[in-house]
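Reviewing the structure listed below.
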Amino acid sequence: MLVVACGGGGGDSTPAPPSVLPLPAGRISVASPVAAGCTGGSTSGGYFVNAEVEPFVVADPAHGNHLVATWQQDRWTNGGARAVMTAASFDGGHTWSRTLQPMSRCAGGTLANGGDYERATDPWVDIAPDGTVYAMALAFSGASGQASASAMLVSRSTDGGVSWSAPVALIRDGAAFFNDKNALTADPHDAHHVYAVWDRLAGANGPSYFARSTDGGLSWEAAHAIYTPASGSQTIGNRIVVLPDGTLANFFTQIDTAGGSASAHLDVIRSADKGVTWSASIRVADLRAVGASDPDTGAPIRDAGVLASIGVAPDGGLWATWQDARLSGGQRDAILLSHSGDGGLSWSAPVGINRNTNVSAFIPTLHVRADGTVAVMHYDLRDNTADPTTLLADAWLLTSRDGVAWTETRVWGPFDLAGAPTVDAGRFLGDYQGLTSNGGSFIPVLALSSTDTSNRTDIYAIELAGLAARDSASSLGTPVAREATGAASAALSPEAFRRRVHENIVRTMERRLPGWSQRMRLDAPPR
């Protein structure tokens, strides 16, 4: 792990580095362990050897030096990866042991061990209070959107993530359904309870699906829908967090296609009985992202335009963040934040928190430290130049005690995003990234791209030490939180803004699931 001492502060006046920085020393991925030439039986698309993307990380609640990370290994051009990797560290991220999860054929999956699938994606991990580690992924055969089979697989480890059980299928469907975008939560107050959520698409409808274990992952109850939107709507990005009183909150994006136009909003549903029954949906905010792209060439970046990130604070407060273009009147995405002080029953008006509002900001990831400090990591393009052969990006960490005054710290950059694998027509680092904490340090685990076409991306753990919790009265300069209701001078008309949001949703979902717009009876996807 690379350890960076941070002095805090951080206004907008810090001069940007003049050129691409060498990639950091904290690399945790290694040369691909997948057998050369393995396709798992896939007959369409291509794959990038040594392209590791979409990481996630968690710290053991009882032993902060115990970290477990996961990522996609060798990303395909048209959905999924050749394998999913997990990695465990017992020294705070300085050394790691790595495991190919047998959730796809190229990682050792077979009919006998439950991993007989061509591809795997959407890796996720969590650690229970008793130290049991869980790994989850979507496994499927065929290209994304044309899968002949899809399944949600879970494995467990009782030695900290060094060795693992065979994967268990929470659900397995044929071509009539597609299971997508999963997350798993080990109940932090009860080691027996583990929760998994995802969306399950069938025709023009995609409900939130849920499976639960009450015996520490030894067995799972039957998967079933816990929220079903109207026909022509679907959920995506479901994730459960557990409040201090044991209440579950499932946070998700809902996409609606009524009237032939796509729109999106963020919602939560709550359960006071560990997932047996659920409330009606509660609106958090509209989601009005337009998507990031290369400002010089127009080439798209595959970002988190229809996804969001959530965390729970020790006092039970919920924090949510996402990409949204309302602050610029539809010109570019910023990073927005909303807070609930009553367990998700009501939410504050969104505010913008990214420091540089003149460039696109994307893929926000949120984590709340044990002392209540909120952190949001994101990428932006402030250091990009007019050179059309490069796309300079940076990763940033924003921290706050109150959601009003924020400190900005550079995680790393600039790096050349143009070197990232091109996935479904967009430069791809992942739909999400990883962020956790150990004591007073935040630990981003993120994908960074290089200019080496034989090794386009790697996963890095970068410990940001010395980010002390501060009150809003601290000397942080002018608070950067902005009411998310204003519009820039070059704002689009309301109708043009709605059209851009629609186009971004359709473009994003077509990348994930070719044929999505036809399924939802929408216009042909924009190019």
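Numerical summary
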quantity	calculated
Matching residues in segment 362-378 - criterion: being out of contact with any Pro (no Cβ under 7 Å at 6 or more places or on another chain) and touching a residue at least 60 places away in the same chain (Cβ under 8 Å)	362, 363, 364, 365, 366, 367, 369, 371, 373, 374, 375
Selection status of residue 217, at pLDDT 95 or above, in a loop (DSSP other than H, G, I, E, B) and buried (at least 20 other Cβ atoms within 10 Å of the Cβ)	yes
Identity of the residue in segment 220-239, outside any loop (DSSP other than H, G, I, E, B) and out of contact with any Gly (no Cβ under 8 Å at 6 or more places or on another chain), that ends up least open to solvent (accessible area, probe 1.4 Å)	238
Restricting segment 425-467 to residues that are charged (D, E, K, R) and more than 17 Å from the chain's Cα centre (by Cα), the residue that is farthest from residue 510 (Cα to Cα)	463
Residue list for segment 441-469, filter: at pLDDT below 95, more than 30 Å from residue 297 (Cβ to Cβ) and open to solvent by 10 Å² or more (accessible area, probe 1.4 Å)	465, 466, 468, 469
Segment 299-323 residues that are of a type in the set (Gly, Ala, Ser), paired with ones that are at pLDDT below 95 (beta carbon under 6 Å, 6 or more apart)	305/508
Unique match (being of a type outside the set (D, E, K, R) and within 23 Å of residue 211 (Cα to Cα)) among 120, 88	120
Answer residue from segment 62-91, given it is of a type in the set (Gly, Ala, Ser) and surrounded by 20 or more Cβ atoms within 10 Å (Cβ to Cβ) and is nearest to residue 35 (Cα to Cα) among those	83
Check on residue 296, acidic (Asp, Glu) and either open to solvent by less than 10 Å² (accessible area, probe 1.4 Å) or more than 24 Å from residue 396 (Cβ to Cβ) (or both)	no
Wholly enclosed strands (runs of 3 or more DSSP E) of segment 259-345 bearing at least 2 residues of a type in the set (Asp, Glu)	none
All positions within segment 396-409 that are open to solvent by less than 10 Å² (accessible area, probe 1.4 Å) and farther than 22 Å from residue 304 by Cβ	405, 407
Whichever residue in segment 151-209 is of a type in the set (Phe, Trp, Tyr) and assigned to a strand (DSSP E or B) and, among such residues, is surrounded by the fewest Cβ atoms within 10 Å (Cβ to Cβ)	195
Number of the condition not met by residue 395 [criteria: (1) out of contact with any His (no Cβ under 8 Å at 6 or more places or on another chain); (2) under 30 Å from residue 506 (Cβ atoms)]	(1)
Tally, over segment 59-81, of residues that are of a type outside the set (Ser, Thr, Tyr) and within 19 Å of residue 304 (Cβ to Cβ)	7
Residue list for segment 371-395, restricted to those being within 30 Å of residue 64 (Cβ to Cβ) and open to solvent by 10 Å² or more (accessible area, probe 1.4 Å)	371, 372
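The values are calculated or read from the model by the stated rules, or taken from the named source; none is laboratory data. Since the model is a prediction, treat every value here as computed from it, not as a measurement. When we count neighbours, we look across all protein chains shown, and the Cβ atoms used for this are built from the backbone with ideal geometry, even at glycine. Side chains included, ligands, DNA and RNA excluded: accessible areas come from the protein's heavy atoms. Shrake-Rupley method; radii C 1.70, N 1.55, O 1.52, S 1.80 Å.
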